[in-house]
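Visitor: Provided herewith is a single structure, encoded as structure tokens, for subsequent inquiry.
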């Protein structure tokens, strides 16, 4: 199925929503807010939810998030649709007429799109709520880019009243072409483990290096040696990433640095692999520092578990995608990125997928977390239609099995 034919399969009421979807997305793009600071975003989401006649249980959650419920006209289970709402500390350089008006903050990962799509799905489903056997819980989750947003929602009982049996969501993709999705069963996003290494040497004059222990030189050797952790310690059949993203040290050019600080991330799907990598990082850094006479400290924190798509729920999503997008437009490539939708999928079976929004013919071929991030807004109605189909099918399956 081509993009055009997928678009032609969109129901009329979704097509009619397209201008409103674009308007919502552009509003949230213009006014992005960082994790746990989504106050204006929360207010705007709640206003839009309250304007949808028939929605139930519209209220704030998790400090800066929001929720609403489409209560079906017939008894049945409750399924969840989640959208994240926070932005990134990235200065926008897209040149869009609706570019961010908040200096240094940008929706550089498409969460503005997730908000608009979720609002659209809610609108579509509430209009046919009498036909639904069960309910749909919508969660507009704060702080995906930081830590704790999903956990806070769950701890506040969002999965309990009514009891959520299955969970779904999407992430817009600047890599997957418009009219396609990327989805696979099993581990689909990695668990992110951030680490900080502090190196202590001995300062001194740059013209007398023999009198000190240069922490910057030690850090440089550590960075080089750490590249062997994945290439020489991890089984090639396992998947892992280690990246040192920041290095800071020294006071000025003619002063030997007495200390240096490195920050980085480890990405894995498997706790066993993570434990091995942390052990090897400790051994490598310890060995390098000992060789130079420096000391070190290492701290680390795993932000969320790996995101694991349930096999049966993913099969349902892939079947629906084959009929809507076409079997040739389904990619199955897991990511080493991290997503705290993982918390919902650890608590309930479900599926999370990438929705294509790349369109090289229009010059839309950006990268996530980039100041020039772009998406094709033609993906919005496709996301609403496909998301609605998933939720409708999930409720229909549960009604039959019940």
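Visitor: I need the shape label for region 191-302. Rule: rounded when a/c is under 1.5, else prolate if a/b > b/c, else oblate, with a, b, c from the alpha carbon gyration tensor.
Guide: prolate
Visitor: Additional query: Quick one: angle between helix 271-292 and the longest Cα principal axis of the chain, in degrees between 0 and 90, rounded to 10, please.
Guide: That works out to roughly 20 degrees.
Visitor: Quick check on the chain: helices-only [θ] at 222 nm, where DSSP H runs of length 4 and up contribute -39,500 (n - 2.57) each and the sum goes over total residues. Nearest 500, please.
Guide: That calculation yields -11000 deg cm²/dmol at 222 nm.
Visitor: Tilt of helix 379-401 relative to the longest C-alpha principal axis of the chain, in degrees (0 to 90, nearest 10)?
Guide: It is inclined by approximately 70 degrees.
Visitor: Sticking with this structure for a sec: Output the Cα-based Rg and Dmax of the chain in Å, rounding Rg to one decimal and Dmax to a whole number.
Guide: 23.6, 81
Visitor: Let me ask something else. Using the count of nearby Cβ atoms within 10 Å as a rough guide to exposure, how do 243, 314, 265 rank from fewest to most?
Guide: 243, 265, 314
Visitor: Whole Å is fine, so just give me how far the alpha carbon centre of region 295-309 lies from that of region 164-204.
Guide: If you average the Cα positions of each part, the centres end up 12 Å apart.
Visitor: Sticking with this one: Nearest 10 degrees is fine. How inclined is helix 215-226 to the longest principal axis of the chain, computing both from alpha carbons?
Guide: That helix lies at roughly 50 degrees to the long axis.
Visitor: Return the distance in nm (one decimal) between the two label points of a simple spin-label model at residue 128 and residue 206, each offset 7 Å from Cα along Cα→Cβ.
Guide: About 6.9 nm, to one decimal.
Visitor: If we count other beta carbons within 10 Å of each Cβ, what is the order of 64, 246, fewest first?
Guide: Neighbour counts put them in this order, fewest first: 246, 64.
No lab work stands behind these numbers, since they all come straight from the coordinates. Not measured: the values here are computed from a predicted model. Note that each Cβ is placed from the backbone with ideal geometry, even for glycine, and that neighbours are counted across all protein chains shown.
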